[in-house]
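Below is one structure, written out as structure tokens, with a few remarks after it.
The values are calculated or read from the model by the stated rules, or taken from the named source; none is laboratory data. Just so it is clear, the structure is predicted and the values come from calculations on it, not from any experiment. Note that we place each Cβ from the backbone using ideal geometry, even for glycine, and neighbour counts take in every protein chain shown. Just so you know, the surface numbers come from the protein's heavy atoms only, side chains and all, with ligands and any DNA or RNA stripped out. Shrake-Rupley method; radii C 1.70, N 1.55, O 1.52, S 1.80 Å.
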Amino acid sequence: MINRLSLSNFRGFRSLDLELAPITVLVGRNATGKTTLLQAMQLLTLATADVLASGDAEVFVRADGTCVRRRRQRVVDPNWPAGLGWRNLLHHQGRYKADGFEIVASFSGARGLRRGRMEFAVRGNEPDLTVEVESTMGPPLAANPAVFISRIHRVLASERLLLNAELDALRAAGRHEEIVRNGLARLSERSIARLNGALREAQDTELVRRTPINNAPANAILEAMFRRRGTELELAASNEGLLNLTTILVEIERSHERSKDGGTLLLLDEPELHLTPRVQEAVAKRLAKLTTAGHTQVISATHSIEVAHQLGRRLQGALYALSDAFSHPRRLQTEAEAVQVFGRTHNLMPFASINWLKHRRILLHEGAVDYLILRNCARGYFRDQPHGLRRFEEWTPVALNGAQNAPASSLLSSLFSSDLLLSLDAEDRIAVVSVLDRDYERKPVVEEISSGQVSQKRKVWTRHSIESLFLDIEPLAACFSALLEGESTGVSDVGQLVSEAVSAANRDPDLLEHAEDELADVLRRTEHRQSKDAQKAARAAVRAHPEIWQRGKDRADFILDRVRRALPTAVQPKVRSTIHGMLEDIPTDRFSAAMVPDEIGEFLK
């Protein structure tokens, strides 16, 4: 298994150091370097295997007992390697043009391979290649076979039986269009049965005839005949979806069969091509199972949410995002980060987000500001409880933007038991929490509904919106005090300033009138009251509890502005004019539980 990959001046990467896992998934926009990373691993593993198999390598033992095999050779073919051309592998940016590149990989595994290094240098017009392989002492080693799978558009119509060495070389070079039948010929009957089960489930197709290797004379033309809905078709006449699916399934079964011999390194470049989302998910699950025994390593570049979800979310998996062209990949630690990254390349409506994240915890909220407030409250509330903060970060936020968020939340909830979601495995669980503003027509509620594999909770705040919860004297004064700590304000009691601002908001005619009109309109619509009666009831409710009914954002603007204007001009810029801005600016070491309203604290717990 490759544990770490380092590049220097290779194609678009000036330098890179990347830690790899048993399952590593690379995501990001086109032309960011995902395929380049696979090509680097492919190139190094080919060179490493070549040196280990050759008899002309220099061999010596270091003082620490490490066995080193090294070979240096001239590169005379301008199209090396494999038609890419070595000039296309050199890093070039602006005026800088490299005169060579280096690829280094660290290995672990039973074969004793420890490190491989490939250095290509151009000195004058005579490029040369040095490959160095480090291993533990012992018998001659062979590198784990690497298999590179890219898109397939067609296959040879007259594929002949190949020797094992020829087949492995073409497989490692990614030339699967020339070897699919050879792969089928070498599978056991048990593997063919598993392959057919996958084909029937995915495309209602099965392999009905193939040339087994023990029945094929040397250089024989191999047969591969499929049947779909009663019609037989030869592999060469199949669509691209079947070609790509068959290729991947063959390599999965080959990896199963070779696991006792040390396993396989599978390098997959967009394995989702020409496959439906449901089939992508099924294939990714099969790939993930290969790593369970610890023999096969899967490294995939993908644009597929299904592939990234099934592979990257595994305990032994790592999900990396390349945000810009040939930037250093950023490891995505939470599902929230993953949703953000895929949001740049996919139209991630709430349905799509939930479908991808169905195995985890989903937090449905009204808008970006609401989540910013909750996230910052969690940062402070769990300041001394790292486990609690990690648990909060496991929840993936999905925004319910728009005016009709309550119906949207109910609609989304109904989907969890519908066929619009992909089928759940028996061990899968969905946990969903929706949190909504009270506004003028919802009633405060905390309710829980559990059904089968789905657990749902719904929370409606007791005040107009989440900002309203902060507009009491204690939490707001604590926030101001934390932001102004160490500043010369001339204010002896911040709480008194906040108290005066809150009292002024409670009496403000504009805030009161707007709230009364909004609430009266709701009473007319929902309770069918006469206009005069609705206005009277609304006025009584708002005047009795302005902290509940005044619009949260407007009330917050009023109170914060009044407190800020009471401060010296020099320190006013220290305090932002929004609740979420204030919380964002409070240093973590100054955050206290007093800044978090009790209702939000209970919700976080």
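Would you mind stating whether VAL502 is closer than 16 Å to ILE473 by Cβ and in a loop (DSSP other than H, G, I, E, B)? Answer is no for this residue. When the stretch 346-390 is limited to residues that are among the polar types (S, T, N, Q) and open to solvent by 60 Å² or more (accessible area, probe 1.4 Å), the one that is modelled with the lowest pLDDT turns out to be ASN347. Which pairs have Cβ atoms under 8 Å, sit 6 or more apart or on different chains, and link a residue in the stretch 285-307 that is closer than 19 Å to ASN30 by Cβ to one that is β-branched (Val, Ile, Thr) and open to solvent by 40 Å² or more (accessible area, probe 1.4 Å)? Matching pairs, first to second residue: ALA301/THR35; HIS303/THR345.
Inspect all residues belonging to the stretch 319-327 and state whether any of them is over 29 Å from ALA49 (Cβ atoms), of a type in the set (Ser, Thr, Tyr) and surrounded by fewer than 16 Cβ atoms within 10 Å (Cβ to Cβ). Checked the stretch 319-327: at least one residue is over 29 Å from ALA49 (Cβ atoms), of a type in the set (Ser, Thr, Tyr) and surrounded by fewer than 16 Cβ atoms within 10 Å (Cβ to Cβ).
PRO277 satisfies every condition listed in (1) open to solvent by less than 40 Å² (accessible area, probe 1.4 Å); (2) at pLDDT below 85 except (1). Among residues of the stretch 145-198 being acidic (Asp, Glu) and at pLDDT 90 or above, the one that is farthest from the chain's Cα centre (by Cα) is GLU159. For VAL491, the conditions (1) over 47 Å from the mean Cα position of the chain (by Cα); (2) modelled with pLDDT of 95 or more; (3) open to solvent by 30 Å² or more (accessible area, probe 1.4 Å) all hold with the exception of (2).
Pairing each residue of the stretch 230-255 that is within 14 Å of HIS153 (Cβ to Cβ) with any residue that is among the charged types (D, E, K, R) and crowded, with 21+ Cβ neighbours inside 10 Å, provided the two are 6+ apart or on different chains, yields C-beta distances under 9 Å for LEU235/GLU159; LEU235/ARG181; ALA236/GLU159; ASN244/GLU272.
The one condition from (1) touching a Lys or Arg at 6+ places or on another chain (Cβ under 8 Å); (2) not in a strand (DSSP E or B) that ILE103 does not meet is (2). Has the stretch 442-460 got any residue that is assigned to a helix (DSSP H, G or I) and either open to solvent by less than 20 Å² (accessible area, probe 1.4 Å) or hydrophobic (A, V, I, L, M, F, W, C) (or both)? Within the stretch 442-460, not a single residue is assigned to a helix (DSSP H, G or I) and either open to solvent by less than 20 Å² (accessible area, probe 1.4 Å) or hydrophobic (A, V, I, L, M, F, W, C) (or both). Checking each residue in the stretch 43-76 for being open to solvent by less than 30 Å² (accessible area, probe 1.4 Å) and in a helix (DSSP H, G or I) picks out LEU43, LEU44, THR45, ALA47, THR48, VAL51, LEU52. In the condition set (1) open to solvent by 20 Å² or more (accessible area, probe 1.4 Å); (2) within 19 Å of GLU102 (Cα to Cα); (3) at pLDDT 90 or above, LEU38 is compliant with all but (1). Here the stretch 566-595 is the region considered, the condition is being under 31 Å from the mean Cα position of the chain (by Cα) and among the aliphatic types (A, V, I, L, M), and the residue that is farthest from LEU436 (Cα to Cα) is ILE586. Counting only helices (runs of 4 or more DSSP H) that sit wholly inside the stretch 546-605, those with at least 1 residues that are of a type in the set (D, E, K, R) and open to solvent by less than 50 Å² (accessible area, probe 1.4 Å) are 546-549, 552-565, 598-604. Residues in the stretch 249-257: is at least one modelled with pLDDT of 90 or more, farther than 24 Å from PHE107 by Cα and among the aliphatic types (A, V, I, L, M)? For the stretch 249-257, residues modelled with pLDDT of 90 or more, farther than 24 Å from PHE107 by Cα and among the aliphatic types (A, V, I, L, M): present. Residues of the stretch 247-274 that are hydroxyl-bearing (Ser, Thr, Tyr) and either touching a Ser or Thr at 6+ places or on another chain (Cβ under 8 Å) or open to solvent by 10 Å² or more (accessible area, probe 1.4 Å) (or both): SER255, SER259, THR264. Listed by first and then second residue, the pairs linking a residue in the stretch 309-323 that is modelled with pLDDT under 90 to a residue that is of a type in the set (S, T, N, Q) and part of a loop (DSSP other than H, G, I, E, B), with Cβ atoms under 6 Å apart and 6 or more places separating them unless they lie on different chains, are GLN316/THR291. One residue is enough: does the stretch 13-28 have a residue meeting the conditions open to solvent by less than 20 Å² (accessible area, probe 1.4 Å) and farther than 30 Å from LEU290 by Cα? Yes, some residue in the stretch 13-28 is open to solvent by less than 20 Å² (accessible area, probe 1.4 Å) and farther than 30 Å from LEU290 by Cα. Against the condition part of a loop (DSSP other than H, G, I, E, B) and not basic (Lys, Arg), how does ALA121 come out, does it pass? Spelling it out, it is not the case that ALA121 is part of a loop (DSSP other than H, G, I, E, B) and not basic (Lys, Arg).
Being of a type in the set (S, T, N, Q) and part of a helix (DSSP H, G or I) holds for only one residue in ASN88, ASN79, and it is ASN88.
Taken over the stretch 200-240, the criterion of being farther than 28 Å from GLU166 by Cβ, open to solvent by 70 Å² or more (accessible area, probe 1.4 Å) and in a loop (DSSP other than H, G, I, E, B) is satisfied by ASP204, ARG229.
For the stretch 274-290, the count of residues that are in contact with a Pro (Cβ under 9 Å, 6 or more places away or on another chain) and not in a helix (DSSP H, G or I) is zero.
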